[in-house]
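Structure first, commentary second.
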Amino acid sequence: MGNIGPIIVLALIAAGLVWLLLRALKGQEVDRRVIFAFILVSVAAPLLMPVTFKAKPTPIVRALFDAIDELPEGSRVLLSFDFDPPMSPEVQPMADVITRHVLAKKHQAICMTLWATGQAQFNITMNDVIKTDFPNLVEGVDWVNMGYKAGNEGVLNVIRTDFKKMFPTDANSIPFDSIPILRGVRSCGDFDLIISLGGGRPGLKEWVLFVGDPTGVPIGAGVAAVVAPQLYPYYPRQLVGLLGGVKGASEYESHFRDNYEQYRDMPTPAMVMMGPQTVAHIVIMAFIVIGNVLFFLARRKEGQS
Amino acid sequence: MRREIPLIITISVGFLAILSFFSPPFEPLGEDFTLFFDIIAVFAFFLGGGNLMRVHIDKLIKRKKDWGFSIVTLVGFLVMLVAGLGKIGAESITSDITREGLFSTLYYNVHLPLGSTMYALLAFFVASASYRAFRAKNREATVLLIAAFIILLGSTPIGQMLTNWMPEGMSILEIPNLAVWIMSSPNLAGQRAIMIGIGLGVVSMSLRLILGIERTYLGKDSG
């Protein structure tokens, strides 16, 4: 019974698209406001009546999962929260599930940001993941928040050889030398894995160019879908794995849940968002078909005249 | 001297930056330059804020087109600035404003949803643009159209459901894997070409700047 609502909405959307196709066959163009209305319904309805799908991880997503999973317990993982509110719906679910995975594997999470807004985005992960799922972990011992540092790739250029020079204290103003988790960390070369979460500049590209390549530390990433195509050239030599957009995040969430029984009931925002994305993509494809019907009809008319 | 001093600074800093990258003894110099850059960047924050105020106050006074939006910009800017610098609502002066106080309330309840909404509007424009632009006008456009369909389907669970029945040996033909192949093969080739082109462009422009050939950054009277 719970699936009746989405089925009715999908049937209505499908009926509307068929009606538009029939109009197109008569040569009637579709007003862009009609397109906007269809997108509104196809995005809003699955959000109001969520349907989640199980996602099989693609190799590039699985590679990042395996990179974290295969590290020995207690490895140092640097997480860089380089994003802002516009990217948040896509990247925050990645940040949450990756942080959960890192801590579930008992790795040490060192968090930082190159974006002024990244500090607030990290707080979301801290409240929703670290403090909720891992209340026994101690800040400074099991995880640390180094906070924001201005200077873009300049910051990376320095922490590549001297981490303390750029981060003399953590976000709570505790001196570097008094933080147990940072004992033995001199440069980025002392991390076992670096994960860049973002999609703008500075972001993954800068991490690869200024830190990954010179130090040889493996780099993984979760980025907004719009920039993912530009980052494929780095995989697999300079990048161990990549999550692109909501799709990548949902695959990771699904795979993580399947492999970690204790987190079966964890929130899966990316899997929920796949509903609107799926319907919206199908509607966009339907409009492309309608557009092409109109185009071929117009071309045939031109040929006849 | 108005031209010579900036030129000398650019040339010397440029050469020292290259030296610090390629010569290990000079490596600390590069780190110091980064710190200098950070200090200079702080002044850019003031300059940016000041410029924002100047542009929008001018627009407001002269009642230029859409001056109403300038009021929203100025009020938003000043409220966030005062809330952040004044640490309004925070427990103490040392509190992290992204965790408590008015700044954090405004960030999570106004800036975050508004920013996400603005970005989400892209979906509407992408749909409208796809309807108008993706037309099989010729062979190349048809190939692009097919690739777009595979990527669109591959980014949904439907793509997986449609081809999940395929045997393991033919998994490359599953729509999500085909989408990944398009991204990591034809797309990769194009992206690499663009990146190499940009890289060569950056090298040539940097050399022009360091050697003093490119002077447009000095302004109109740079000669």
TODO: Starting from the range B:71-84, keep only residues that are among the aliphatic types (A, V, I, L, M), then list their pairs with residues that are part of a helix (DSSP H, G or I) whose Cβ atoms are within a distance under 6 Å, requiring at least 6 positions of separation or different chains.
DONE: B:Leu74/B:His56; B:Ala83/B:Leu102; B:Ala83/B:Phe103
Task: Which numbered condition B:Lys87 misses (of (1) assigned to a loop (DSSP other than H, G, I, E, B); (2) within 13 Å of another protein chain (Cβ to nearest Cβ); (3) surrounded by 13 or more Cβ atoms within 10 Å (Cβ to Cβ)) - done: (2)
TODO: Determine whether the range A:37-52 contains at least one residue that is closer than 23 Å to A:Phe256 by Cα and facing chain B (nearest Cβ under 10 Å).
DONE: yes
TODO: Among the residues of the range A:255-305, count how many are more than 24 Å from B:Arg132 (Cβ to Cβ), part of a helix (DSSP H, G or I), free of Cβ contacts under 8 Å to residues at least 40 places away in the same chain and within 22 Å of the chain's Cα centre (by Cα).
DONE: 2
Task: Among residues of the range A:233-287, those that are more than 19 Å from B:Met161 (Cβ to Cβ) and of a type in the set (S, T, N, Q), counted - done: 3
TODO: Taking A:Pro202 as the residue in question, decide whether it is in the same structural domain as A:Leu137 (by TED's automatic domain parsing) and not in a loop (DSSP other than H, G, I, E, B).
DONE: no
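Matching residues to (1) at pLDDT below 85; (2) buried (at least 17 other Cβ atoms within 10 Å of the Cβ); (3) closer than 21 Å to A:Thr117 by Cα; (4) more than 8 Å from chain A (Cβ to nearest Cβ):
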residue: B:Leu102; (1), (2), (3), (4): no, yes, yes, yes
residue: B:Leu114; (1), (2), (3), (4): no, no, yes, no
residue: B:Ala120; (1), (2), (3), (4): no, no, yes, no
residue: B:Ala141; (1), (2), (3), (4): no, no, no, yes
residue: B:Leu152; (1), (2), (3), (4): no, yes, no, no
residue: B:Met170; (1), (2), (3), (4): yes, no, no, yes
residue: B:Leu178; (1), (2), (3), (4): no, yes, no, yes
- [ ] Considering each of A:Arg76, A:Arg33 in turn, give the residue that is in the same structural domain as A:Thr169 (by TED's automatic domain parsing), at pLDDT 90 or above and on the phi < 0 side of the Ramachandran plot.
- [x] A:Arg76
- [ ] Just give me the residues in the range A:161-187 being within 13 Å of chain B (Cβ to nearest Cβ) and within 15 Å of A:Leu79 (Cα to Cα), in sequence order.
- [x] A:Phe163, A:Phe167, A:Asp170, A:Ala171, A:Ser187
Open item on the list: What's the total number of residues in the range B:61-70 that are within 25 Å of B:Leu112 (Cα to Cα) and either in contact (Cβ under 8 Å) with a residue 40 or more places away in the chain or outside any loop (DSSP other than H, G, I, E, B) (or both)?
Closed with: 4
Task: Residues being within 11 Å of chain B (Cβ to nearest Cβ) and touching a Ser or Thr at 6+ places or on another chain (Cβ under 9 Å) - total across the range A:237-255 - done: 8
Task: Every residue from the range A:37-62 that is of a type in the set (Phe, Trp, Tyr) and either surrounded by fewer than 22 Cβ atoms within 10 Å (Cβ to Cβ) or over 20 Å from A:Val283 (Cβ atoms) (or both) - done: A:Phe53
Task: Residue check for B:Ser92: polar (S, T, N, Q) and either within 7 Å of chain A (Cβ to nearest Cβ) or part of a helix (DSSP H, G or I) (or both) - done: no
Task: Residue list for the range B:181-221, restricted to those being surrounded by fewer than 13 Cβ atoms within 10 Å (Cβ to Cβ) and in contact with a Gly (Cβ under 7 Å, 6 or more places away or on another chain) - done: none
Open item on the list: Going residue by residue through the range A:242-256, is there one that turns out to be surrounded by fewer than 21 Cβ atoms within 10 Å (Cβ to Cβ) and among the hydroxyl-bearing types (Ser, Thr, Tyr)?
Closed with: no
- [ ] Return only the number of the condition from (1) facing chain A (nearest Cβ under 10 Å); (2) hydrophobic (A, V, I, L, M, F, W, C); (3) crowded, with 18+ Cβ neighbours inside 10 Å; (4) under 25 Å from A:Ala286 (Cβ atoms) that B:Ala129 does not satisfy.
- [x] (3)
Task: Residue under evaluation B:Ile8, criteria (1) in contact with a Leu (Cβ under 9 Å, 6 or more places away or on another chain); (2) part of a helix (DSSP H, G or I), criterion not met - done: (1)
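The values are calculated or read from the model by the stated rules, or taken from the named source; none is laboratory data. What you see is a predicted model; the values in this text were computed from it and never measured. So basically every Cβ, Gly included, is an ideal-geometry build from the backbone, and we count neighbours across all protein chains shown.
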